[in-house]
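Single-structure report; data block below.
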Amino acid sequence: MRAPARAKSREYMDVEADVSQQTIQDTAAQPVVRIRDLQKRFQRGDGSIVRAIDGVSLDVMPGDFIVLLGPSGCGKTTLLRSIAGLERPDGGTIEIHGQPNFDAERGLEVPPERRRLSMIFQSYALWPHMTAFQNIAYPLESQRKNRPSKAEIRDRVRRVLEMVGIPELEGQHPNQMSGGQQQRVALARSLVNGDDLVLFDEPLSNVDAKVREQLRIELVTMQRELGFSAIFVTHDQIEAMELAHQIAVMREGQVAQLAPPREVYDRPTTRYVANFIGTTNELLGTVEEAGSGDVVVATDLGRMVGAPGDLDLASGDEVVAVWRPERCEVTRDEPDTPNRWQGRVVASMFVGSHTEYLLQIGDRQFRTWSPDVEVIEANETVWVSVAQPHVRILPAEEPTP
Ligand SMILES: Nc1ncnc2c1ncn2[C@@H]1O[C@H](COP(=O)(O)OP(=O)(O)OP(=O)(O)O)[C@@H](O)[C@H]1O
Ligand SMILES: [Mg+2]
């Protein structure tokens, strides 16, 4: 590798990354992608500045499936494009397979075609006039340096066609294939050059819901089988939960929480994450007691007891108690637990797998999902309760999204 000399100006050097000798074994213990304090600002037409990426640090380990999840405009695509080298950040570093690919301070930048990854866009962007074989061979055919021989290209394309389970489709054009088959061709095309890091920017967003679900299952199965590392952008939380080993919940250019789906759902660390993922009930209050045991919170609806959190809370802190609708119990008799309120059923909606109740408690409304067969009708007076382990106490200061 050429020594990355210090750039004199903001001119970026085109760095030759010597990556051909590295094997998977070499890289097994280190992150496939390592991002530190990445920054990217854009100037809008009116002169205002947007911090599209605002200090992101992230590690992607070999075989990880990381989903970037967040509302429109939170910086998901910008982060993905920065990793691919299609966007030049203003600060921070990006390493791919242990090689520096971007370093703002050193003025170092590896051009996109030499980064060891591939990117799958919306609708897979297959060439319609090419067969599956030709589509998959394209990244190899278009290599300027070290282009493999015709025979080797044929071997490698056939090998990845086998890997993704569609060897019989090599002569088909995309319009002669199902959505799932097209997805496999796109994946094969990404894997053919042996990079085993695939970036996806909402590839399923133009597909209708039913097919999308099927494609997700196929994608997750193939990723677990083939073991490539993936960074997948979506604003669909169900998609994120199904696909991810870890979800990076993003907000305004920052990663609000990075954790496995279950943890993000059960143990959100901020009010924003609790509200962005799934449905939540909320009640504002002030901490009365917070030590090693349960957290006791004074609210308008009386005392609430929450699970001892992993967050630093002290008496007097303004907090919000959050809990999920499916953790609530709705009963006619008064339960013998803390966190119980009497109220009126405003709406009772049977949706097959459960009944959703909207309950009026004082001037608040709570949502509950109850698996019980017996349905309680609107206007009945009931008790609702939530057990203390399912109540999470979070700092209140953040506004909800
Ligand atoms: N080339 C650009 N010039 C100016 N602003 C930009 C540019 N690209 C992105 N932005 C702004 O940066 C922010 C992040 O954009 P980005 O496309 O990364 O969002 P996203 O999370 O992918 O959103 P979506 O879910 O809508 O695709 C937005 O406020 C956007 O308007
Ligand atoms: Mg986007």
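Throughout, read-outs are computed from the coordinates displayed, never taken from laboratory work. Given the structure is predicted, the values throughout are model-derived calculations rather than measurements. Cβ atoms come from the backbone with ideal geometry, glycine included; neighbour counts cover every protein chain shown.
Quick notes on this one:
- Label-point separation, ASN193 to THR279 (7 Å along Cα→Cβ), nm: 4.6
- You can think of it this way: the chain between PHE350 and SER72 has 96.9 nm of extra reach, that is 0.36 nm per residue less the Cα-Cα gap.
- Under a 5 Å amide H cut-off, with hydrogens placed 1.01 Å from N, ARG251 pairs with ALA256 among residues at least 5 apart or on other chains.
- Rounded to the nearest whole Hz, the Karplus-based 3J(HN,Hα) values (6.51 cos²θ - 1.76 cosθ + 1.60, θ = phi - 60°) of the range 265-271 follow the sequence 6, 8, 10, x, 9, 9, 5, with x at glycine and proline.
- Order of SER142, SER178, SER385 - criterion: other Cβ atoms within 10 Å of each residue's Cβ, fewest first: SER142, SER178, SER385
- On the basis of the beta-carbon distance and an R0 of 45 Å, ASP312 and ALA151 show a calculated FRET efficiency of 0.10.
- Residue by residue, the range 336-348 carries 3J(HN,Hα) couplings of 9, 9, x, 6, 10, 9, 9, x, 10, 6, 7, 9, 10 Hz when phi is fed to the Karplus relation 6.51 cos²θ - 1.76 cosθ + 1.60 (θ = phi - 60°); x denotes Gly or Pro.
- Candidates per trypsin sites (Lys or Arg not before Pro) in the range 312-351, loop by DSSP, up to 10 other Cβ within 10 Å: ARG332
- FRET efficiency, GLU168 to ASP363 (Cβ-Cβ, R0 56 Å, nearest 0.05): 0.30
- The range 284-301 residues near the modelled ARG340 label - backbone nitrogen below 18 Å, point 7 Å along Cα→Cβ: 301
- Inter-label distance for ILE217 and MET130, nm, one decimal - labels placed 7 Å from Cα along Cα-to-Cβ: 3.1
- The chain, relative contact order [Cα under 8 Å, separation at least 6], %: 14
- Nearest-20 debye value, the chain charge dipole, Cβ charges on Lys, Arg, Asp, Glu: 1920
- Inter-centroid distance (Cα atoms) of the range 334-386 relative to the range 48-98, Å: 42
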